[in-house]
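Peer 1: Below you will find the structure I want to go over with you.
Every read-out reported here was derived from the displayed coordinates using simple, explicitly stated rules and does not represent laboratory data. Quick caveat: nothing in here was measured; it's all calculated off a predicted structure. Cβ sites come from the backbone with ideal geometry, for glycine too, and all protein chains shown count toward neighbours.
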Amino acid sequence: MTPDQAAEAADPARQAPAPPTLLERAPGPLAAPGSPLRRISAVILRYWFLLRGSWPRLLELAYWPTIQMVLWGFITLNLVGDSSWVSQSFGVLISGVLLWDVLFRGQLGFSLCFLEELWSRNLGHLFVSPLRPHEWLIAMMTMSLVRTLIGIIPACLLAIVFYGWNVFSIGFPLVGFFACLLVTGWWMGLIITALILLLGLGAESLAWLIVFLFAPISAIYYPVDVLPTALQWLAYALPPAHVFEGMRSVLFGHGMAWGHLLAAIGLNIAYLALGGAVFLVSFHTARRQGALLQQGE
């Protein structure tokens, strides 16, 4: 080693600079220090690396939607010959299963990002950084979308292979249905995480239980008219019933029921605002009480 090389090795200031990080290589606002987009992207990358680093997690995302689709697909095949209602549209039950899983995966994907921080006792560390609560929520919503797509797309493709049914044949209304159910999952996730913040990890089972409380009045596999009158009012006060009624209208050849879609959008806006407010109140309450540092296993 030459004297110059020895001096360079001994002097950190003369060493070659470290290669830029993934965010530093990003163009525009993502690379700007202190940028909200930079903070949001950093949290998204954290959750993505956690997901990508575990093949069982990736497999689980696609496993349940696929099993549901296969099970209900064969049930539908059995019913087609015996039910004029089902025979009018072979894909009505399969489409219901797939769209319901959008809501379930959207809510669970959001809640699991939150629970990851609790299980690793990282919640307090996360907010020692400049990260703001609303930026964290945006990151969790983004990962919820990613997890939902990873789970749903394989099931949709297998429905084409197994039954010749293409859910994408619903056309443009499918985009509205997907978005409405995903946003429904988000505001449910906001309320669930708010409850867990207040009650602690003993309430983590709510992340798996609450969504199924809404299933009977969501009219996934049957029209809202089947429900008792009192429950019909309750069903129409929630976005999923409007989405599934709109789905059946399209599949039965009656065209897009825009009233149902607009009602679902309006209700989602109201509930998302309510869920965000409940979460922020819960978060700031937990922060004042020092509970963010105490949360975890």
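Peer 1: State whether the stretch 35-294 is rounded, prolate or oblate according to the following rule on the C-alpha gyration tensor (a ≥ b ≥ c being the square roots of its eigenvalues): a/c under 1.5 gives rounded; otherwise a/b larger than b/c gives prolate, and the remaining case gives oblate. Walk me through the numbers before you get to the answer.
Peer 2: Numbers: a/c = 2.23, a/b = 1.68, b/c = 1.32.
In terms of gyration-tensor shape, prolate.
Peer 1: Still on this model: Compute the Cα gyration tensor for the stretch 141-266, then decide on rounded, prolate or oblate, letting a ≥ b ≥ c be the square roots of its eigenvalues: rounded whenever a/c is under 1.5, prolate when a/b is larger than b/c in the other cases, and oblate in all that remain.
Peer 2: Oblate is the answer for the stretch 141-266, as a/c is 1.5 or above yet b/c matches or exceeds a/b.
Peer 1: Among Gly255, Ala203, Tyr163, flag the residue with its Cα farthest along the positive direction of the charge dipole of the stretch 35-294, charges on Cβ as +1 for Lys/Arg and -1 for Asp/Glu.
Peer 2: About the Cα centre, the residue reaching furthest to the positive side is Ala203.
Peer 1: While we're looking at this one, here's another question. For the stretch 35-53 and the stretch 149-194, write down the distance between their C-alpha centroids in whole Å.
Peer 2: Here the two parts' Cα centres lie 23 Å apart.
Peer 1: Just want the ordering: Glu245, Glu116, from fewest to most Cβ atoms lying within 10 Å of their own Cβ.
Peer 2: Ascending Cβ contact count within 10 Å gives the list Glu116, Glu245.
Peer 1: Given Cβ point charges of +1 (Lys, Arg) and -1 (Asp, Glu) and nothing else, what value in debye, to the nearest 20, does the dipole of the stretch 35-294 about its Cα centre take? Write down the numbers at each step before the final one.
Peer 2: On the way: 12 positive and 9 negative charges, 183 e Å.
Using only the charged Cβ atoms, the result is roughly 880 debye.
Peer 1: How large is ³J(HN,Hα) for each residue in the stretch 194-205, as worked out from phi by the Karplus curve 6.51 cos²θ - 1.76 cosθ + 1.60 (θ = phi - 60°), to whole Hz, x for Gly and Pro?
Peer 2: 4, 5, 5, 4, 7, 9, x, 5, x, 9, 5, 5
Peer 1: Neighbouring Cβ atoms within 10 Å as the yardstick, rank His284, His260 fewest first.
Peer 2: Lowest to highest Cβ neighbour count: His284, His260.
Peer 1: Here's another thing I want to ask about it. Give me the number: length gained by fully extending Ile67 to Asn166, i.e. 0.36 nm times residue separation minus the C-alpha to C-alpha distance, one decimal in nm.
Peer 2: So the extension gain works out to 33.9 nm.
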